[in-house]
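Report on one structure; see the data block that follows.
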């Protein structure tokens, strides 16, 4: 019987020690206010919905264009670059994994002590897929601690290393890095890659796309999951020098040439043609974020200066786990990270105004002391 089998004996050494990424909960409960995975609270653009409705279903029997040529041309026109500077993939996570394999060297077979300059670097509090990828591909890495205000210590990131990985704005804090700081990082060593993960850039950050004419050692990765409302279709893209894109294509074609399906390509192209909807929903999310920030501060929360579609918050009178559970009991789901330095924080996705009003009402009830009875 399979229940009695110990098939784990077939695992290789890497998998035996691997600590995988833990995604946010995807609940099935009805009427839940879901503010835990930074999805867009608004539907895809009407143009995207129409493109999906008009898609000829019979064509799903055919493989998709492995080059995603039409989508690449649309992205190139949108960002003012050549199509040779665009790579598309099955979500930004896949592209990040390809980048780790394409540009960062694994440990040598002799297992000699690793010099710090041979490690890639990223912040100690950031997107938790980065250390997973590094361990998965045997890439040595160093984690640079955030300062006491949860900002990235850029002077430490500039020290000799084999590569820099940076989420901008950072996650889960939402704190951005400005364009001049990115320029200094890229210029500090033009022979190492600066990999900039811009998953949340459209909500107020400064994109490194403007630096690409100056630097061939910057690779930017973005996603359509957040600002374009397409998390369910898994579309990401990278922008960089043609030689960097060529490296990503070599890695992709060594795994699976057909990573982006036909429907995803059509929907993504329509999303970038829907500028008015994008600007409208983005502006609404930003306005809701700022209103929520102010109301949380009035409730006594420390709210970090996020420019993403989420807020990272802490209340001095309640632990993070206590607040998380109290909200969960009221059918409101936020994200809690049981990690050093941030275990008392919650990451709150910006939802609709109605969803945020429900969150704030619940928090007022949780934080209000019960009336004493005689």
(request) Within 10 Å, count the other beta carbons around each residue, average over each peptide in 196-202, 121-127, 284-290, 325-331, and list them highest first. (result) 196-202, 121-127, 284-290, 325-331
(request) Only helical DSSP H runs with n ≥ 4 go in: add -39500 (n - 2.57) per run for the chain, normalise by residue count and round the 222 nm mean residue ellipticity to 500 deg cm²/dmol. (result) -10500 deg cm²/dmol
(request) Take 356, 136 and order them by how many other Cβ atoms sit within 10 Å, fewest up front. (result) 136, 356
(request) Starting with the fewest neighbours, write out 166, 107 ranked by other beta-carbon atoms found within 10 Å of each beta-carbon. (result) 107, 166
(message) Rounded to the nearest angstrom and ordered from largest down, what semi-axes does the equivalent ellipsoid of region 271-363 get from its C-alpha gyration tensor (root of 5λ)?
(response) 26, 14, 13
(message) I want to check the label-to-label distance for residue 352 and residue 159. Put each point 7 Å from Cα in the C-beta direction and report it in nm to one decimal.
(response) 4.9 nm
(message) Of all beta bridges DSSP finds with both residues in the chain, what is the antiparallel percent, to the nearest 5?
(response) 50 percent
(request) Name the most mobile residue of 18, 363, 211, meaning the one with the largest mean-square fluctuation, in a Gaussian network model of the chain with Cα contacts below 10 Å. (result) 18
(request) List the relative contact order of region 56-273 as a percent without decimals, with contacts defined as Cα pairs under 8 Å and 6+ residues apart. (result) 27 percent
(request) Pop a pseudo-label 7 angstrom from the Cα along the beta-carbon direction at both residue 149 and residue 9 and give the gap in nm to one decimal. (result) 5.8 nm
(request) For the chain, calculate the relative contact order in percent as a whole number, restricting contacts to Cα pairs under 8 Å that are 6 or more residues apart. (result) 23 percent
(message) Can you give me the distance in nm between label points at residue 258 and residue 368, each placed 7 Å from the Cα along the Cα-to-Cβ direction?
(response) 5.8 nm
(message) So, R0 is 25 Å and r is the distance between the beta-carbons of residue 117 and residue 190; what FRET efficiency does that work out to, to 0.05?
(response) 0.95
(request) May I ask you to derive the FRET efficiency for residue 19 and residue 107 from their Cβ-Cβ distance with R0 = 25 Å, giving the value to the nearest 0.05? (result) 0.90
(message) Cut-off 10 angstrom, C-alpha nodes, Gaussian network model of the chain. Which of 320, 80, 47 fluctuates the most?
(response) 80
(message) Just the number: Rg to Rh for region 56-273, Cα atoms, Kirkwood Rh, two decimals.
(response) 0.97
(request) Give the shape of region 22-105 as rounded, prolate or oblate, defined through the alpha-carbon gyration tensor: a ≥ b ≥ c are the square roots of its eigenvalues, a/c under 1.5 means rounded, and otherwise the shape is prolate if a/b is larger than b/c and oblate if not. (result) oblate
(request) Between 114, 235, 313, find the one with the highest GNM mean-square fluctuation for the chain; connect C-alpha pairs within less than 10 Å. (result) 114
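FYI, it's all coordinate maths here, none of it is from the lab. If you're wondering where the values come from, they're calculated on a predicted model, not measured in any experiment. No Cβ is skipped: glycine too gets one built from the backbone with ideal geometry, and neighbour counts run over all protein chains shown.
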